[in-house]
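The values are calculated or read from the model by the stated rules, or taken from the named source; none is laboratory data. No experiment lies behind these values; they were computed from the predicted model shown. Virtual Cβ from ideal backbone geometry, glycine too; neighbours counted across all protein chains shown. To get the accessible areas, we keep the full protein, side chains included, count just its heavy atoms, and leave off ligands, DNA and RNA. Shrake-Rupley method; radii C 1.70, N 1.55, O 1.52, S 1.80 Å.
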Amino acid sequence: MMTQAQTQNLKACDPQWTRIGWIGTGVMGAAMCAHLLKAGYSVAVHNRTREKAVPLLEQGARWVESPAEAAREAHVVLSMVGFPEDVWEVYLGKEGVLQTAREGTVVVDMTTTEPHLAQEIHKYAKTKGVYAVDAPVSGGDVGAREGTLSIMIGGDPEAVDVVLPLFRILGKNIVYQGPAGAGQHTKMCNQIVIAGTMIGVCESLLYGARAGLDLETMLQSISRGAAACWTLDNLAPRILKKNFDPGFFVEHFIKDMGIALKEAERMGLCLPGLALVHQLYLAVKAQGHGKKGTHALMLALEQLAGSRP
(Lines give C-alpha, C1' and ligand atoms only; values in the text may rest on other atoms or scores of the structure.)
Protein backbone atom coordinates (compact mmCIF):
# COMPACT_ATOMS: atom_id res chain seq x y z
CA MET A 1 0.00 0.00 0.00
CA MET A 2 1.26 3.49 -0.86
CA THR A 3 2.06 5.95 1.86
CA GLN A 4 0.16 9.25 1.94
CA ALA A 5 3.22 11.00 0.52
CA GLN A 6 3.43 8.52 -2.33
CA THR A 7 -0.26 9.02 -3.07
CA GLN A 8 0.23 12.78 -3.27
CA ASN A 9 3.19 12.27 -5.58
CA LEU A 10 1.06 10.05 -7.81
CA LYS A 11 -1.66 12.69 -7.95
CA ALA A 12 1.00 15.04 -9.25
CA CYS A 13 2.23 12.34 -11.67
CA ASP A 14 5.64 12.37 -10.01
CA PRO A 15 8.04 10.31 -12.17
CA GLN A 16 9.43 8.70 -9.02
CA TRP A 17 6.17 6.86 -8.38
CA THR A 18 4.02 6.99 -11.50
CA ARG A 19 4.13 4.01 -13.86
CA ILE A 20 2.86 4.61 -17.37
CA GLY A 21 1.53 2.30 -20.05
CA TRP A 22 1.86 3.63 -23.60
CA ILE A 23 0.10 2.12 -26.61
CA GLY A 24 0.88 3.18 -30.19
CA THR A 25 4.30 4.14 -31.56
CA GLY A 26 3.49 5.64 -34.95
CA VAL A 27 4.68 8.97 -36.34
CA MET A 28 3.27 10.96 -33.44
CA GLY A 29 2.97 8.37 -30.69
CA ALA A 30 6.67 7.51 -30.69
CA ALA A 31 7.71 11.15 -30.30
CA MET A 32 5.16 11.76 -27.55
CA CYS A 33 6.20 8.68 -25.59
CA ALA A 34 9.85 9.71 -25.92
CA HIS A 35 9.10 12.96 -24.08
CA LEU A 36 7.73 11.03 -21.10
CA LEU A 37 10.80 8.79 -21.03
CA LYS A 38 13.04 11.84 -21.14
CA ALA A 39 11.09 13.29 -18.20
CA GLY A 40 12.05 10.21 -16.17
CA TYR A 41 8.88 8.12 -16.24
CA SER A 42 8.85 4.33 -16.16
CA VAL A 43 7.00 3.34 -19.35
CA ALA A 44 5.71 -0.01 -20.54
CA VAL A 45 5.09 0.25 -24.28
CA HIS A 46 3.03 -1.78 -26.73
CA ASN A 47 2.55 -1.50 -30.47
CA ARG A 48 1.14 -3.93 -33.03
CA THR A 49 4.55 -3.91 -34.76
CA ARG A 50 7.35 -4.32 -32.23
CA GLU A 51 10.00 -2.98 -34.60
CA LYS A 52 8.43 0.48 -34.47
CA ALA A 53 8.93 0.53 -30.71
CA VAL A 54 12.65 -0.31 -30.83
CA PRO A 55 13.86 3.33 -30.58
CA LEU A 56 11.77 3.73 -27.42
CA LEU A 57 13.10 0.48 -25.98
CA GLU A 58 16.60 1.80 -26.59
CA GLN A 59 15.64 4.87 -24.56
CA GLY A 60 14.56 2.76 -21.60
CA ALA A 61 10.96 1.74 -22.25
CA ARG A 62 9.89 -1.82 -21.40
CA TRP A 63 8.15 -3.89 -24.06
CA VAL A 64 4.84 -5.61 -23.26
CA GLU A 65 2.82 -7.96 -25.46
CA SER A 66 -0.64 -6.41 -25.23
CA PRO A 67 -2.63 -3.36 -24.09
CA ALA A 68 -3.84 -5.45 -21.14
CA GLU A 69 -0.27 -6.07 -20.05
CA ALA A 70 0.60 -2.38 -20.49
CA ALA A 71 -2.24 -1.52 -18.10
CA ARG A 72 -1.65 -4.26 -15.51
CA GLU A 73 0.82 -2.34 -13.34
CA ALA A 74 0.23 1.18 -14.68
CA HIS A 75 -1.15 4.17 -12.83
CA VAL A 76 -1.81 5.97 -16.12
CA VAL A 77 -2.32 4.46 -19.58
CA LEU A 78 -2.10 6.59 -22.72
CA SER A 79 -2.85 5.57 -26.30
CA MET A 80 -2.19 7.08 -29.71
CA VAL A 81 -3.38 4.68 -32.40
CA GLY A 82 -5.01 4.97 -35.81
CA PHE A 83 -8.71 4.26 -36.27
CA PRO A 84 -11.83 3.91 -34.08
CA GLU A 85 -11.71 0.12 -34.44
CA ASP A 86 -8.14 0.21 -33.08
CA VAL A 87 -9.28 2.30 -30.11
CA TRP A 88 -12.14 -0.11 -29.41
CA GLU A 89 -9.75 -3.07 -29.45
CA VAL A 90 -7.17 -1.30 -27.25
CA TYR A 91 -9.70 -0.52 -24.52
CA LEU A 92 -12.63 -2.92 -24.87
CA GLY A 93 -11.13 -5.94 -26.65
CA LYS A 94 -10.19 -9.29 -25.10
CA GLU A 95 -6.63 -8.08 -24.51
CA GLY A 96 -7.72 -4.52 -23.85
CA VAL A 97 -6.69 -2.02 -21.21
CA LEU A 98 -9.95 -2.25 -19.28
CA GLN A 99 -9.51 -5.99 -18.75
CA THR A 100 -6.63 -5.39 -16.33
CA ALA A 101 -6.60 -1.71 -15.32
CA ARG A 102 -6.84 -1.41 -11.56
CA GLU A 103 -9.32 0.73 -9.66
CA GLY A 104 -8.16 4.35 -9.67
CA THR A 105 -6.18 4.05 -12.91
CA VAL A 106 -6.56 6.92 -15.37
CA VAL A 107 -6.70 5.93 -19.05
CA VAL A 108 -6.20 8.58 -21.72
CA ASP A 109 -6.94 8.09 -25.39
CA MET A 110 -5.20 10.73 -27.49
CA THR A 111 -6.30 9.26 -30.82
CA THR A 112 -8.79 11.22 -32.90
CA THR A 113 -11.85 8.99 -32.80
CA GLU A 114 -15.64 9.00 -32.57
CA PRO A 115 -17.12 11.04 -29.71
CA HIS A 116 -19.65 8.30 -28.92
CA LEU A 117 -16.80 5.78 -28.60
CA ALA A 118 -15.06 8.03 -26.06
CA GLN A 119 -18.33 8.12 -24.14
CA GLU A 120 -18.70 4.33 -24.35
CA ILE A 121 -15.18 3.80 -23.01
CA HIS A 122 -15.82 6.31 -20.22
CA LYS A 123 -19.05 4.57 -19.22
CA TYR A 124 -17.51 1.09 -19.17
CA ALA A 125 -14.39 2.30 -17.35
CA LYS A 126 -16.56 3.66 -14.55
CA THR A 127 -17.93 0.17 -13.89
CA LYS A 128 -14.33 -0.86 -13.19
CA GLY A 129 -13.53 2.13 -10.98
CA VAL A 130 -11.27 3.47 -13.76
CA TYR A 131 -11.24 7.06 -15.03
CA ALA A 132 -11.30 7.55 -18.83
CA VAL A 133 -10.22 10.78 -20.51
CA ASP A 134 -10.39 11.64 -24.21
CA ALA A 135 -7.59 14.01 -25.21
CA PRO A 136 -7.04 14.22 -28.97
CA VAL A 137 -4.26 16.47 -30.17
CA SER A 138 -3.37 18.82 -33.00
CA GLY A 139 0.04 19.95 -34.22
CA GLY A 140 1.18 17.04 -36.35
CA ASP A 141 4.62 15.48 -36.29
CA VAL A 142 6.27 18.84 -35.59
CA GLY A 143 4.17 19.45 -32.49
CA ALA A 144 4.74 15.89 -31.31
CA ARG A 145 8.53 16.17 -31.67
CA GLU A 146 8.72 19.60 -30.07
CA GLY A 147 6.22 18.96 -27.28
CA THR A 148 4.00 21.83 -28.45
CA LEU A 149 0.76 19.99 -29.24
CA SER A 150 -2.67 21.47 -28.70
CA ILE A 151 -4.56 19.06 -26.42
CA MET A 152 -8.38 19.03 -26.29
CA ILE A 153 -9.69 17.29 -23.20
CA GLY A 154 -12.95 15.60 -22.23
CA GLY A 155 -13.67 13.62 -19.07
CA ASP A 156 -14.09 13.94 -15.33
CA PRO A 157 -12.27 17.03 -13.99
CA GLU A 158 -10.65 15.12 -11.11
CA ALA A 159 -9.10 12.62 -13.55
CA VAL A 160 -7.92 15.41 -15.83
CA ASP A 161 -6.21 17.10 -12.87
CA VAL A 162 -4.22 13.91 -12.23
CA VAL A 163 -2.76 13.73 -15.73
CA LEU A 164 -2.23 17.46 -16.36
CA PRO A 165 1.52 17.16 -15.58
CA LEU A 166 1.81 14.65 -18.44
CA PHE A 167 -0.13 16.88 -20.81
CA ARG A 168 2.22 19.75 -19.98
CA ILE A 169 5.14 17.62 -21.16
CA LEU A 170 3.41 16.82 -24.44
CA GLY A 171 1.77 20.12 -25.32
CA LYS A 172 1.51 23.86 -24.81
CA ASN A 173 -2.15 24.66 -25.48
CA ILE A 174 -4.05 22.45 -23.02
CA VAL A 175 -7.78 23.16 -22.70
CA TYR A 176 -10.45 21.25 -20.79
CA GLN A 177 -13.56 21.14 -22.97
CA GLY A 178 -16.11 19.33 -20.80
CA PRO A 179 -17.44 15.81 -20.12
CA ALA A 180 -16.50 12.61 -21.93
CA GLY A 181 -16.56 13.06 -25.70
CA ALA A 182 -16.09 16.84 -25.58
CA GLY A 183 -12.42 16.54 -26.47
CA GLN A 184 -13.31 14.51 -29.57
CA HIS A 185 -16.03 16.95 -30.63
CA THR A 186 -13.51 19.78 -30.31
CA LYS A 187 -11.05 17.85 -32.48
CA MET A 188 -13.75 17.58 -35.16
CA CYS A 189 -13.99 21.39 -35.13
CA ASN A 190 -10.21 21.48 -35.54
CA GLN A 191 -10.26 19.09 -38.50
CA ILE A 192 -13.02 21.03 -40.23
CA VAL A 193 -10.85 24.16 -40.12
CA ILE A 194 -7.78 22.25 -41.34
CA ALA A 195 -9.73 20.82 -44.28
CA GLY A 196 -10.75 24.28 -45.47
CA THR A 197 -7.30 25.73 -44.83
CA MET A 198 -5.52 22.94 -46.71
CA ILE A 199 -7.48 23.39 -49.91
CA GLY A 200 -6.93 27.15 -49.69
CA VAL A 201 -3.16 26.78 -49.32
CA CYS A 202 -2.88 24.28 -52.18
CA GLU A 203 -5.05 26.33 -54.53
CA SER A 204 -3.07 29.50 -53.72
CA LEU A 205 0.15 27.73 -54.73
CA LEU A 206 -1.43 26.52 -57.97
CA TYR A 207 -2.68 30.03 -58.74
CA GLY A 208 0.66 31.62 -57.92
CA ALA A 209 2.53 29.17 -60.14
CA ARG A 210 0.17 29.75 -63.07
CA ALA A 211 0.56 33.52 -62.59
CA GLY A 212 4.34 33.19 -62.82
CA LEU A 213 5.12 34.23 -59.23
CA ASP A 214 8.13 33.11 -57.26
CA LEU A 215 6.26 31.01 -54.74
CA GLU A 216 8.70 31.39 -51.86
CA THR A 217 8.54 35.17 -52.25
CA MET A 218 4.76 35.05 -52.46
CA LEU A 219 4.61 33.03 -49.24
CA GLN A 220 6.73 35.63 -47.46
CA SER A 221 3.92 38.11 -48.02
CA ILE A 222 0.77 36.11 -47.42
CA SER A 223 2.05 34.08 -44.46
CA ARG A 224 2.37 37.29 -42.41
CA GLY A 225 -0.96 38.84 -43.34
CA ALA A 226 -4.58 37.87 -42.77
CA ALA A 227 -3.93 34.46 -44.42
CA ALA A 228 -1.34 33.50 -41.78
CA CYS A 229 -1.83 29.95 -40.49
CA TRP A 230 0.01 26.83 -39.35
CA THR A 231 -0.47 25.13 -42.72
CA LEU A 232 1.24 27.96 -44.61
CA ASP A 233 4.16 27.97 -42.19
CA ASN A 234 4.70 24.22 -41.91
CA LEU A 235 3.29 22.47 -44.97
CA ALA A 236 3.53 24.93 -47.86
CA PRO A 237 7.37 24.75 -47.76
CA ARG A 238 7.17 20.94 -47.88
CA ILE A 239 4.89 21.15 -50.92
CA LEU A 240 7.39 23.37 -52.73
CA LYS A 241 10.12 20.81 -52.01
CA LYS A 242 7.86 17.95 -53.23
CA ASN A 243 8.24 16.42 -49.79
CA PHE A 244 5.01 14.61 -49.01
CA ASP A 245 6.31 12.55 -46.09
CA PRO A 246 3.58 12.17 -43.48
CA GLY A 247 3.24 14.29 -40.41
CA PHE A 248 -0.34 13.06 -40.47
CA PHE A 249 -1.52 10.42 -42.94
CA VAL A 250 -4.02 11.15 -45.70
CA GLU A 251 -5.94 7.99 -44.75
CA HIS A 252 -6.21 9.15 -41.14
CA PHE A 253 -7.46 12.57 -42.22
CA ILE A 254 -10.10 10.90 -44.40
CA LYS A 255 -11.17 8.97 -41.29
CA ASP A 256 -11.42 12.20 -39.28
CA MET A 257 -13.47 14.00 -41.92
CA GLY A 258 -15.75 10.99 -42.17
CA ILE A 259 -16.37 11.11 -38.42
CA ALA A 260 -17.13 14.83 -38.57
CA LEU A 261 -19.55 14.38 -41.48
CA LYS A 262 -21.29 11.52 -39.70
CA GLU A 263 -21.64 13.57 -36.51
CA ALA A 264 -22.87 16.56 -38.53
CA GLU A 265 -25.53 14.41 -40.18
CA ARG A 266 -26.61 13.12 -36.78
CA MET A 267 -26.99 16.74 -35.59
CA GLY A 268 -28.84 17.83 -38.73
CA LEU A 269 -25.98 20.00 -40.03
CA CYS A 270 -24.95 20.50 -43.65
CA LEU A 271 -21.19 21.05 -44.11
CA PRO A 272 -20.69 21.36 -47.88
CA GLY A 273 -17.11 22.62 -47.67
CA LEU A 274 -16.01 19.66 -45.59
CA ALA A 275 -17.88 17.27 -47.89
CA LEU A 276 -16.01 18.68 -50.92
CA VAL A 277 -12.58 18.37 -49.34
CA HIS A 278 -13.43 14.85 -48.14
CA GLN A 279 -14.17 13.84 -51.74
CA LEU A 280 -10.90 15.36 -52.96
CA TYR A 281 -8.97 13.42 -50.33
CA LEU A 282 -10.68 10.23 -51.43
CA ALA A 283 -9.22 11.01 -54.87
CA VAL A 284 -5.77 11.45 -53.30
CA LYS A 285 -6.09 8.01 -51.71
CA ALA A 286 -7.37 6.49 -54.95
CA GLN A 287 -4.23 7.79 -56.66
CA GLY A 288 -2.18 5.71 -54.21
CA HIS A 289 -1.18 8.45 -51.77
CA GLY A 290 -3.02 7.31 -48.64
CA LYS A 291 0.24 6.92 -46.68
CA LYS A 292 1.50 10.39 -47.62
CA GLY A 293 1.01 13.52 -45.55
CA THR A 294 -2.21 15.54 -45.69
CA HIS A 295 -0.52 18.17 -47.87
CA ALA A 296 -0.54 15.54 -50.63
CA LEU A 297 -3.92 17.07 -51.47
CA MET A 298 -1.77 19.11 -53.85
CA LEU A 299 -1.18 16.00 -55.96
CA ALA A 300 -4.90 15.59 -56.68
CA LEU A 301 -5.38 19.29 -57.37
CA GLU A 302 -2.36 19.32 -59.72
CA GLN A 303 -3.92 16.53 -61.70
CA LEU A 304 -7.17 18.49 -62.00
CA ALA A 305 -5.28 21.64 -63.00
CA GLY A 306 -2.84 19.89 -65.33
CA SER A 307 0.10 21.73 -63.78
CA ARG A 308 2.61 21.71 -60.94
CA PRO A 309 3.70 24.63 -58.72
Trypsin sites (Lys or Arg not before Pro), loop per DSSP, at most 15 other Cβ atoms within 10 Å - longest free stretch of the chain = 103-223
Computed, not fitted: 222 nm per-residue ellipticity of the chain from DSSP H runs ≥ 4 (each -39500 (n - 2.57)), nearest 500, equal to -15500 deg cm²/dmol
With θ set to phi - 60°, apply the Karplus curve 6.51 cos²θ - 1.76 cosθ + 1.60 along segment 264-271 and write out the HN-Hα couplings as whole Hz, x wherever there is a Gly or Pro.
-> 4, 4, 4, 8, x, 9, 10, 10
Residue-wise, which Karplus ³J(HN,Hα) couplings in Hz belong to segment 80-85, taking 6.51 cos²θ - 1.76 cosθ + 1.60, θ = phi - 60°, and x for glycine or proline?
-> 8, 10, x, 10, x, 5
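Using the C-alpha gyration tensor of segment 24-69, what are the square roots of 5 times its eigenvalues, in whole angstrom, with the largest one first?
15, 12, 9
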Measure off, as a whole percent, the carbon and sulfur share of the 1.4 Å-probe accessible area of the chain, all protein chains present.
-> 54 percent
Whichever lysines have a C-alpha closer than 19 Å to that of LYS172, once near sequence neighbours (fewer than 8 apart) are set aside = LYS38, LYS187
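Which value, in debye to the nearest 20, gives the size of the charge dipole of segment 236-309 about its Cα centre, when Lys and Arg are +1 and Asp and Glu are -1 at the Cβ?
It comes to approximately 260 debye.
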Taking amide hydrogens as modeled 1.01 Å from N in the peptide plane, which residues meet the under 5 Å criterion relative to GLY171, leaving out close sequence neighbours?
-> LEU149
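Which value, in Å², gives the accessible area per residue of the chain when a 1.4 Å probe is used on the protein heavy atoms?
Values: 14230 Å² over 309 residues.
Here the per-residue accessible area is 46 Å².
May I ask you to rank TRP88, TRP17, TRP22 by accessible area, largest first, using a 1.4 Å probe over the protein chains only?
TRP88, TRP17, TRP22
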Give the Cα extents of segment 143-236 along the principal axes, in whole Å, largest first.
-> 57, 24, 20
How large is ³J(HN,Hα), in whole Hz, for each residue of segment 70-77 in order, when computed from phi with the Karplus curve 6.51 cos²θ - 1.76 cosθ + 1.60 and θ = phi - 60°, using x for Gly and Pro?
-> 4, 8, 4, 10, 8, 8, 9, 10
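To one decimal place, what Kirkwood hydrodynamic radius in Å is obtained for segment 139-181 from all pairs of distinct Cα atoms? Please report the intermediate quantities before stating the final value.
Working: mean 1/r = 0.0945 Å⁻¹.
It works out to 10.6 Å.
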Kindly report, to the nearest 10 Å², the accessible surface of ASP86 as traced by a 1.4 Å probe over protein heavy atoms only.
-> 30 Å²
Taking every C-alpha to C-alpha distance in segment 72-218 and binning by 10 Å from 0, the per-bin percentages run 11, 37, 28, 11, 8, 4, 0
With charges set only on the Cβ (+1 for Lys and Arg, -1 for Asp and Glu), what does the dipole of the chain come to about its Cα centre, in debye to the nearest 20?
-> 340 debye
Over the Cα atoms of segment 126-197, what Rg and Dmax result, in angstrom?
-> 12.7, 42
Give me the accessible area of HIS252, 1.4 Å probe, in Å² rounded to the nearest 10.
-> 30 Å²
For segment 216-271, fraction of C-alpha pairs farther apart than 19 Å, in % = 52 percent
Over all Cα pairs of the chain, how is the pair count split among 20 Å bins, expressed in % and running from 0 up to the last occupied bin?
-> 33, 54, 14, 0
A student applying the Cα gyration tensor rule (rounded when a/c is under 1.5; otherwise prolate if a/b is larger than b/c, oblate if not) would label segment 246-293 prolate
Consider all pairwise Cα distances in segment 211-309 and report the whole-number % of them above 19 Å.
-> 51 percent
What figure in square angstrom, to the nearest 10, would you give for the accessible area of PHE249 with a 1.4 Å probe?
-> 50 Å²
Over the alpha-carbon set of segment 89-145, divide Rg by the Kirkwood Rh and report the Rg/Rh ratio to two decimals.
-> 1.03
Given the alpha-carbon gyration tensor of segment 38-155, what are the semi-axes of its equivalent ellipsoid in whole angstrom, ordered largest first, with each equal to the square root of 5 times an eigenvalue?
-> 21, 18, 13
